[in-house]
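Below is one structure, written out as structure tokens; the observations come after it.
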Amino acid sequence: MRYKKTIQGSFVDRPNRFIAHVMIEGQLESVHVKNTGRCKELLLPDAAVILEVAENPARRTKYDLIAVYKKDFGWVNMDSQAPNKVVAEWLSTQGYDYVKAEYRYGDSRLDFYMERGEEQFLMEVKGCTLEHEGIGYFPDAPTKRGVKHLRELTRARSKGYQCMVVFVIQMEGISEVRANVETHREFGTALEEARAAGVRILCLSCRVTEDELTAVQVFE
């Protein structure tokens, strides 16, 4: 996936989950942060950031913060909407007969439903931006919704669906993603229960540039 128009700035601070202050060409701007996670290890003072120019000129904020530069890793895409777009592009190359996004199943709205012949698939997508000592972790903040969806997939697996969780790695140089049990132990428990039930846990590595996030390789 590619962003239409981007510019670079310098991160100043983040007064709340939705807004950051960024220096852009010598001017302090309030920008929208496209990630409600903590991202404390990424959004450091003076860090270089990439902003997408909003298409609506009447919008309250003119820019969306979509990426940040991290030492030893390069650009990290932190747009929470990007993983689903990347996976949609990737799924279009995987030989499915039918793909539907935002699929209602049980008490949840899961990211994707697919069909291939007689087989039915359910998929949930998670974006990974948190790294520690070369390993990716998810989540970076507690996610009750994430736990709910894992348990929905576990139940669906028992009913014959082929089920998958895909961690989209939004930075380069990471080849493993683990549950961040220190932040949310229940998510880790739910992930292991899903794995034991036959839910496939996949990682999708990506190429990350200032204006692009592209799927490169999938691994388990």
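Each row is one residue, and each column tells you yes or no for (1) buried (at least 16 other Cβ atoms within 10 Å of the Cβ); (2) acidic (Asp, Glu).
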| site | (1), (2) |
| --- | --- |
| 18 | no, no |
| 25 | no, yes |
| 28 | no, no |
| 37 | yes, no |
| 48 | no, no |
| 52 | yes, yes |
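Among the residues of segment 74-87, those identified as surrounded by 16 or more Cβ atoms within 10 Å (Cβ to Cβ) and either among the small types (Gly, Ala, Ser) or not in a helix (DSSP H, G or I) (or both) are 75, 76, 77, 78, 79, 80, 82.
Would you say residue 151 is assigned to a helix (DSSP H, G or I) and surrounded by 14 or more Cβ atoms within 10 Å (Cβ to Cβ)? Yes, satisfied.
The requirement of being touching a residue at least 12 places away in the same chain (Cβ under 8 Å) and outside the structural domain of residue 166 (by TED's automatic domain parsing) is satisfied by residue 45. Taking the options 182, 133, 210, 192, name whichever one is in contact (Cβ under 8 Å) with a residue 12 or more places away in the chain and either surrounded by fewer than 16 Cβ atoms within 10 Å (Cβ to Cβ) or in contact with an Asp or Glu (Cβ under 8 Å, 6 or more places away or on another chain) (or both). Result: 192 is the single residue among 182, 133, 210, 192 that is in contact (Cβ under 8 Å) with a residue 12 or more places away in the chain and either surrounded by fewer than 16 Cβ atoms within 10 Å (Cβ to Cβ) or in contact with an Asp or Glu (Cβ under 8 Å, 6 or more places away or on another chain) (or both).
Across segment 174-194, the number of residues qualifying as more than 25 Å from residue 71 (Cα to Cα) and in contact with a strand residue (DSSP E or B) (Cβ under 6 Å, 6 or more places away or on another chain) comes to 3. Residue 70 fulfils the conditions (1) at negative phi; (2) surrounded by fewer than 16 Cβ atoms within 10 Å (Cβ to Cβ) except for a single criterion, (2).
Going residue by residue through segment 84-95, is there one that turns out to be assigned by TED's automatic domain parsing to the domain that holds residue 147, among the hydrophobic types (A, V, I, L, M, F, W, C) and under 16 Å from residue 209 (Cα atoms)? Checked against the condition, which is being assigned by TED's automatic domain parsing to the domain that holds residue 147, among the hydrophobic types (A, V, I, L, M, F, W, C) and under 16 Å from residue 209 (Cα atoms), segment 84-95 yields at least one hit. It is to be established whether one or more residues within segment 108-123 are in contact (Cβ under 8 Å) with a residue 40 or more places away in the chain, of a type in the set (S, T, N, Q), surrounded by 19 or more Cβ atoms within 10 Å (Cβ to Cβ) and out of contact with any Lys or Arg (no Cβ under 7 Å at 6 or more places or on another chain). There is no residue in segment 108-123 that is in contact (Cβ under 8 Å) with a residue 40 or more places away in the chain, of a type in the set (S, T, N, Q), surrounded by 19 or more Cβ atoms within 10 Å (Cβ to Cβ) and out of contact with any Lys or Arg (no Cβ under 7 Å at 6 or more places or on another chain). Criterion applied to 92, 10 was being without any contact (Cβ under 8 Å) to a residue 60 or more places away in the chain and over 30 Å from residue 133 (Cβ atoms), and the one residue passing it is 92. Test residue 138 against the criterion of being in contact with a Lys or Arg (Cβ under 8 Å, 6 or more places away or on another chain), of a type in the set (Phe, Trp, Tyr), surrounded by 21 or more Cβ atoms within 10 Å (Cβ to Cβ) and closer than 26 Å to residue 48 by Cβ, and give yes or no. For residue 138, the condition - in contact with a Lys or Arg (Cβ under 8 Å, 6 or more places away or on another chain), of a type in the set (Phe, Trp, Tyr), surrounded by 21 or more Cβ atoms within 10 Å (Cβ to Cβ) and closer than 26 Å to residue 48 by Cβ - is met.
The values are calculated or read from the model by the stated rules, or taken from the named source; none is laboratory data. Not measured: the values here are computed from a predicted model. No Cβ is skipped: glycine too gets one built from the backbone with ideal geometry, and neighbour counts run over all protein chains shown.
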